[in-house]
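The values are calculated or read from the model by the stated rules, or taken from the named source; none is laboratory data. These numbers come from a predicted model, not from an experiment. So basically every Cβ, Gly included, is an ideal-geometry build from the backbone, and we count neighbours across all protein chains shown.
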Amino acid sequence: MKLENTKAQMRKGILELCVLSITSKEEMYPSDIIKKLKESKLIVVEGTLYPLLNRLKNSELLTYNWKESNAGPPRKYYSTTEAGLNFLKSLLDTWNELNHAVNESTQTITTK
Amino acid sequence: MNKIVNINLGGFPFTVDEDAYSSLSIYLDTLKSHFSQSPGYEEIMYDIEARMAELLQEGAPGQGIISSKNLDDAIKIMGTPEDFGAIAQDYKEETFSSSSQSSSTDGGKRINKRLFRDPDDKVISGVCSGLAAYFGWKDPLWVRLIALLLIFTGGVSVIVYLILVLIVPQAKNSADKLAMKGEPINIDTIAKTVKDEFNGIVERGTETISDIGSKKKKIAQGLFRYDQPYPRGFLF
């Protein structure tokens, strides 16, 4: 089960980065965010997104607008705030560092 | 033939098949119990219910009745409690200095047992069954007998019982009930607790209805016998 935990940890950090990035380009509601993630092959179920969005909103990295919808209840359209954009930039820097680090260390394994 | 239930989900009315209604109740209650320990829990539940309403409307447009299949399809998109559990476990570990939770590998270890009154198994206020649960005894009968013995021999007065009712909190939600029994609190145990409760309510409900039914039948049979010219049982 440790493997599952580690995988979940990895995905969780990346999920934040992807969500903030997606909503920085255009405001979206959760169901569309999931679609975008799916397009990039990052599969999550909708339910895991709601607590995450709530947390990011409470940390003021995201904000939302209510929009009426014909298909049912009014929807929350999320977009990244100024603080969110700064946060995103730091995350991207870290991601690039890690990406580099992983490539380096795994390369030494395969060449042996 | 099945019963249907009218519900309000996310502000929208739905007509739901009885079985789908039970599954939906269990699903939402499990999520509620799971998120109740997080800040912003009401907002999260609101969002989830609103989205479930949207999904169900897509699945059964117009005046359609929501079936178990519609519900299963919606849950597949939203995610099962297990899917939530996998991610939310980490979320909780980082947000709370958790006193009642460790990783999923604790396998039946007694963690931080707390004394509660048990509302599901009470004769008066659940004090005795709460105490029994705390000591790990499945049957509260012995605690009740000892309590009565102490009261009637004058060793302990009824006032002590009343004090316990006042100061020992009642186990209100699934997390409390699990802590009362010293069981680990994670999404699986919460789901099981919610399910057991629900089945308990349904069973008790159907018992009473069939009891009333058979009583009426016996009275009717006693009064009106087809082989007699007039009703029997009162003046005759």
> In segment A:22-41, which residues are more than 14 Å from chain B (Cβ to nearest Cβ), surrounded by fewer than 17 Cβ atoms within 10 Å (Cβ to Cβ) and in a helix (DSSP H, G or I)?
Replying inline: A:Ser24, A:Lys25, A:Glu39
> List the pairs whose first member sits in segment A:83-107 and is farther than 20 Å from A:Ser24 by Cβ, whose second member is modelled with pLDDT under 90 and in a helix (DSSP H, G or I), and whose Cβ atoms are under 7 Å apart, counting only residues at least 6 apart or on separate chains?
Replying inline: none
> For segment A:45-68, what are the residues that are within 8 Å of chain B (Cβ to nearest Cβ) and in a loop (DSSP other than H, G, I, E, B)?
Replying inline: A:Val45
>> As an exercise: evaluate A:Asn65 against (1) surrounded by 13 or more Cβ atoms within 10 Å (Cβ to Cβ); (2) in contact with an Asp or Glu (Cβ under 9 Å, 6 or more places away or on another chain); (3) of a type outside the set (Val, Ile, Thr) and give the number of the one condition it does not meet.
In response: (1)
> How many of the residues in segment B:1-34 are crowded, with 19+ Cβ neighbours inside 10 Å and of a type in the set (A, V, I, L, M, F, W, C)?
Replying inline: 6
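A:Tyr78 - would you say it is within 14 Å of chain B (Cβ to nearest Cβ), within 14 Å of A:Leu20 (Cβ to Cβ) and touching a Ser or Thr at 6+ places or on another chain (Cβ under 7 Å)?
On the way: within 14 Å of chain B (Cβ to nearest Cβ): yes; within 14 Å of A:Leu20 (Cβ to Cβ): yes; touching a Ser or Thr at 6+ places or on another chain (Cβ under 7 Å): yes.
For A:Tyr78, the condition - within 14 Å of chain B (Cβ to nearest Cβ), within 14 Å of A:Leu20 (Cβ to Cβ) and touching a Ser or Thr at 6+ places or on another chain (Cβ under 7 Å) - is met.
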> Counting only residues that are within 9 Å of chain B (Cβ to nearest Cβ) and farther than 20 Å from A:Leu92 by Cα, which one in segment A:1-21 is surrounded by the most Cβ atoms within 10 Å (Cβ to Cβ)?
Replying inline: A:Asn5
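To keep it simple, each residue is scored yes or no on (1) closer than 29 Å to B:Lys177 by Cα; (2) in a helix (DSSP H, G or I); (3) within 14 Å of another protein chain (Cβ to nearest Cβ).
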| position | (1), (2), (3) |
| --- | --- |
| B:Phe14 | no, no, yes |
| B:Ser23 | yes, yes, no |
| B:Asp29 | yes, yes, no |
| B:His34 | yes, yes, yes |
| B:Met45 | yes, yes, yes |
| B:Ala50 | yes, yes, yes |
| B:Pro61 | no, no, yes |
| B:Asn70 | no, yes, no |
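Condition (residue is part of a helix (DSSP H, G or I), at pLDDT 80 or above and within 12 Å of chain A (Cβ to nearest Cβ)) applied to segment B:93-108: is it met by at least one residue?
Applying the first criterion (part of a helix (DSSP H, G or I)) to segment B:93-108 yields B:93-95, B:104-106.
Next, from what is left, pick out any that are at pLDDT 80 or above: none.
Looking through segment B:93-108, none of the residues is part of a helix (DSSP H, G or I), at pLDDT 80 or above and within 12 Å of chain A (Cβ to nearest Cβ).
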